[in-house]
Amino acid sequence: MNGSMFFTICSFFYCILLIIIYFSKQRLQLFENKIYVMMMLTNFLVLAIETSTIFLGNNALIIKIFLLLLLLWIIELTLYVYVISNSKEDKKYNGSLKIAGLIYILIAILVICLPLEFENKTGSQYAYGASVSTIFIVSGLCICCCLFFLFRDFKNIKNKKYYPVYVFLGIGALALVVQAINPSLLLASSLETFVTFLMYFTIENPDLKMIEQLNMARDQAEKANNAKTDFLSNMSHEIRTPLNAIVGFSQALMEEDISPSAKDEVKDIVMASENLLEIVNGILDISKIEADKLEIINSEYRLQTILDDLVILTKGRIGEKPLELRTYFDPSIPAYLYGDHTRLKQIVLNLLTNAVKYTKEGHIDFKVPSVQTGDVCRLIISVEDTGIGIESDKIDKLFMKFERLDLDKNITIEGTGLGLAITKKLVDLMHGKIVVQSVYGKGSKFTVALDQKVVATPTKEVVETNSAPSLDKVDATGTTILLVDDNKINLKVGERLLKDCNATITCLDNGFDCLELLKTKTFDLILMDDMMPKMSGVETLHKLKENPNFNIPVVAMTANAIEGMKEKYLNEGFNNYLSKPINRQELNNIIMKYKKK
Ligand code: ADP
């Protein structure tokens, strides 16, 4: 037995081992993986045939079968390289498979027909002749084709991980040369095994493939999620613009001298728009939470103002229902705290709104006891109702998004099933706790514990901005207001809402004109939209502030905003912030604050 035969036998056992390991693992069924499986099996057959010659001796039939299998393997390798250098869908490779098959058949016929001769050299017998030379030539051509595919599609190659293929091709080319110089060396099959083995360890290991696929799937999911978040935030902006017109004009209409029934209908329009706005905000909030983009923005605030607002809003929601709102606020709570008051308000408002929605009659207890340790005040906010209650086995589902319980009973109650999911996320983000106790049919109690820092000496700004919203009409005679918004309808709404305060209004639809006008004119107040094409409100403000003498108060108006935006705009240098749809009372507050004194 010639020394190279030991190589072959070892390769044979390695090959069996490789096949066992490969098939014992969970695999992907991509086109390239299927070709690799074919390569492994072909390699196995090549080695089996070669090993059999030890016992059966060389004869023309065995050698021809050997050559045909060798040919098959090299064509499979070429197809493999073609597939990895393209990033087409798997189905599209069927044509390439057929072409490869056809080429194989044609060359196989040639190999079968061409002559084969044997020669004995230093004790070992080897084959040569035209059919062997054909295999050499085809192998050389295949290596050239592979290199062509790899270089042509260098940028498209699915993954840098495929770079070892260059090494395999190099080894193949080298082996071809060695085999041509010394035909008795029987290198081909061992080389095949070596390459198949290397492929397993570098690029075809099912574990590696699986990780790669999982990473790709994760990246795609992340991209899709980001696209969804962007879409939702754009959509929210788009919805807010027409809503701004509906709410603004309806509010203005209510102040006109119209019949009581028309007034009622306009009120319903405002209420329906507010509901729609709440839904849009909910969807935007949940998408932000999912994309980890929701931030907690802490600032100083006066708790009593928040609690008063909550009571007013809840009473408004109770309306004519036979429901009593009972409150208890711990008098020892420090007046000024530090935390995210907009989110705090959102959390409690969700609980109070639910209590109103899911309680037909009786009372709602809204209590805020507290525990103070050092400079931290733990607020223990509870909302207890005498409503429909929640079945104990459903409590776990309560905080899941889009989950609405007892739908047969609640079918007439409006809701999206997002409120509590958002509430829970917000409480978690604020490092707080929320617990629910409920007796089905009797009522529920939601308790939230949140730690807020105590502010001993609040800044002047906090004390001023926390004044209660002004419901009265504001008189701003002599005040000049510049309104900048790219949307004509928004300008019309703003103008209409400001009409009653007797201020002099100038409207502009872009930042460039605003910069130009302010070179020659001055105003008492500027209300500026942020989301304007070409030059945003923030950019316009920064340009205005380049002039050290610029001292006109500028209030940001945005439709893309929900909670937490105020702080963002104050940080950008705006003096105040108004969210669209514009709320009449908030607008009044702004005018009161900045009108000509
Ligand atoms: P929505 O109220 O918009 O349906 P939520 O997330 O706020 O969504 O609430 C989820 C579900 O939890 C509600 O559909 C309701 O079945 C139940 N639920 C919430 N609060 C109460 C409550 N105070 N009493 C009874 N059921 C409640």
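Readers should treat all values here as calculations from the given coordinates under stated rules, not as data from a laboratory. In this text the structure is predicted, and so the values were computed from the model without any measurement. Here Cβ is always computed from backbone atoms with ideal geometry, including for glycine, and neighbour counts include all displayed protein chains.
Worth pointing out:
- Exposure proxy ranking, count of Cβ atoms within 10 Å, fewest first, for 425, 534, 228: 534, 228, 425
- Between residue 428 and residue 145, the modelled label-to-label distance comes to 5.4 nm, taking each label 7 Å out from Cα in the direction of the beta carbon.
- Translational diffusion of the chain, estimated by Stokes-Einstein from the Kirkwood radius over alpha carbon pairs at 25 °C in a medium of 0.890 mPa s, is 79 µm² per second.
- Span from the segment 307-362 Cα centroid across to the segment 25-55 one, whole angstrom: 72
- Considering only beta bridges that DSSP places wholly inside the chain, some 60 percent are antiparallel.
- Note, ³J(HN,Hα) from phi for segment 172-180, Karplus 6.51, -1.76, 1.60, rounded to Hz, x at Gly and Pro: x, 4, 4, 4, 4, 5, 4, 4, 5
- Estimated translational D of segment 230-347 in µm²/s (Stokes, Kirkwood radius over Cα pairs; 10 °C; 1.306 mPa s): 92
- Positive contributions from Lys and Arg (+1) and negative ones from Asp and Glu (-1), summed over other residues with Cβ under 14 Å from the Cβ of residue 239, come out at -1.
- By the beta-carbon count within 10 Å of each Cβ, the least crowded to most crowded order of 162, 569, fewest first, is 162, 569.
- Measuring between alpha carbons in the structure, the pairs from 209/397; 488/521; 288/568; 360/397 lying more than 26 angstrom apart are 209/397.
- Full extension of the chain segment joining residue 397 with residue 324 gains 23.4 nm, where the gain is 0.36 nm per residue of separation less the Cα-Cα distance.
- Each 5 Å bin, from zero up to the one with the longest distance, holds this percent of the alpha carbon pairs of segment 302-432: 2, 9, 18, 22, 20, 15, 8, 4, 1, 0.
- Note on segment 13-144: Cα-only Rg and Dmax are 16.6, 52 Å.
- Shape of segment 468-597, Cα gyration tensor, a/c cut at 1.5: rounded
- Mean separation of Cα pairs under 8 Å and 6 or more residues apart, divided by the residue count, gives segment 209-365 a relative contact order of 23 percent.
- Rounded to the nearest 0.05, the FRET efficiency derived from the C-beta distance between residue 261 and residue 404 at R0 = 30 Å is 0.35.
- Simple label model, 7 Å out from Cα along Cβ direction - residue 103 to residue 215, nm: 3.0
- Angle between the chain longest axis and helix 488-499 axis [Cα atoms, degrees, rounded to 10]: 20
- Spin-label model distance (nm) - residue 226 vs residue 181, 7 Å beyond Cα toward Cβ: 5.3
- Largest first and in whole Å, the equivalent-ellipsoid semi-axes of segment 349-399 read 26, 15, 9, each the square root of five times a Cα gyration tensor eigenvalue.
- Note on segment 164-315: Cα-only Rg and Dmax are 33.8, 109 Å.
- Neighbour-count ranking [beta-carbon atoms within 10 angstrom, fewest first] of 11, 536: 536, 11
- Efficiency of FRET from Cβ geometry, residue 593 and residue 447, R₀ 30 Å, rounded to 0.05: 0.25
- Pairs with C-alpha atoms separated by more than 19 Å, drawn from the list 499/566; 263/593; 34/223; 473/597; 267/566; 345/566, are 499/566; 263/593; 34/223; 267/566.
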